[in-house]
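Rule-based calculations on the coordinates, nothing more; no lab input. Everything numeric in this text was worked out from a predicted model, so none of it was measured. Positions of Cβ are generated from backbone atoms using ideal geometry, with glycine treated the same way; all protein chains shown enter the neighbour counts.
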Amino acid sequence: MIPETAMKYKALLFDLDGTLLNTLEDLYRSVNYALEAFQFPLRSLDEVRMFVGNGVARLIALAVPAGTPPKVTEEVLSVFRGHYAEHSREHTAPYEGILLSLHALHDKGWKMAVISNKFDAAVKALNAEFFSDYISVALGEQEGRRKKPAPDALFDAMEELGVSREECIYIGDSDVDIETAKNAGIPCIGCAWGFRGRDFLREHGLPDDRILDDPALLYAFVQKNFTK
């Protein structure tokens, strides 16, 4: 069912990891590089998958052994940041079909932004490499701005795009993204191809008709449900 207010939507705000980009392998390798440097037990790919979503500080806090002193956790985080900055694009790639959808949405005049809890320099670098033809605003973690699920970065992106909250839709793959959209007061589309899956998104409050399984269907889904 098309919302009565569908005509007003103009902008799509995207999460990055697990939504536009499959970054899991590079995150996994950098996490374990940092853990190994401190002789900590390594983490599995599925463990890292579930740790991602609340920023790299939280990722490392979950990855280190329980009871690790805060100072040591900070040191592990520093090693992770250094390694990831150098290796963040070795295995990372857009999900199959997402570039076709972004191209089609861009041609229809949709404004687009990326908002991530990943540190800002990495977000901007990844967007520049993969999506700069379509996405004009890329915001990551910055000092003084609350991370998602706080809506602060979304509001900053709206300002840069020149759109209002009522004109925006948020697209993400996790419970953090669902909560972020709710806190911003905008609709949410869930990406079942990402790090959590359809069942997880449904369990965290998204109805089935707001969850997509295939990135290639995003353009058609947005045009059908949010335009007239």
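In this simple spin-label model, placing a label point 7 Å from the Cα along the Cα-to-Cβ direction at both residue 58 and residue 217 gives a separation of 2.8 nm. Comparing 193, 28, 135 along the charge dipole axis of the chain, the residue lying farthest to the positive side is 135, per the Cβ-charge model. In whole angstrom, the range 24-87 maps to an equivalent ellipsoid with semi-axes of 15, 13, 11, each derived as √(5λ) from the alpha carbon gyration tensor and ordered largest first.
Note that the range 206-215 has calculated 3J(HN,Hα) couplings of 8, x, 4, 7, 10, 10, 10, 9, 9, x Hz, one per residue in order, obtained from phi through the Karplus relation 6.51 cos²θ - 1.76 cosθ + 1.60 (θ = phi - 60°); glycine and proline are x. Between residue 78 and residue 39, the contour length at 0.36 nm per residue exceeds the alpha carbon distance by 12.5 nm.
Taking 0.36 nm per residue of separation and subtracting the current Cα-Cα distance, fully stretching the chain between residue 202 and residue 85 would add 38.8 nm.
Taking amide H positions as modeled 1.01 Å from N, with prolines and chain starts lacking one, the residues under 5 Å from residue 141 and 5 or more places away or on another chain are 118, 119, 120.
Taking R0 as 45 Å, what FRET efficiency do you get between residue 129 and residue 71 from their Cβ-Cβ distance, rounded to the nearest 0.05? E(calc), rounded to 0.05, equals 0.85.
About its Cα centre, the chain has a charge dipole of approximately 380 debye under the convention of +1 per Lys or Arg Cβ and -1 per Asp or Glu Cβ, with nothing else charged. Taking Cα atoms only, the orientation of helix 24-37 departs from the longest principal axis of the chain by about 20 degrees.
A simple rule links phi to the HN-Hα coupling: the Karplus curve 6.51 cos²θ - 1.76 cosθ + 1.60 with θ = phi - 60°, which for the range 89-100 gives 10, 6, 10, 7, 7, x, 4, 4, x, 6, 5, 4 Hz, with x for Gly and Pro. Within the chain, DSSP assigns beta bridges of which about 10% are antiparallel (rounded to the nearest 5). Sequentially through the range 163-174, phi angles give Karplus couplings (6.51, -1.76, 1.60; θ = phi - 60°) of 10, 9, 4, 5, 9, 10, 10, 10, 10, x, 10, 9 Hz, Gly and Pro residues having no value and appearing as x.
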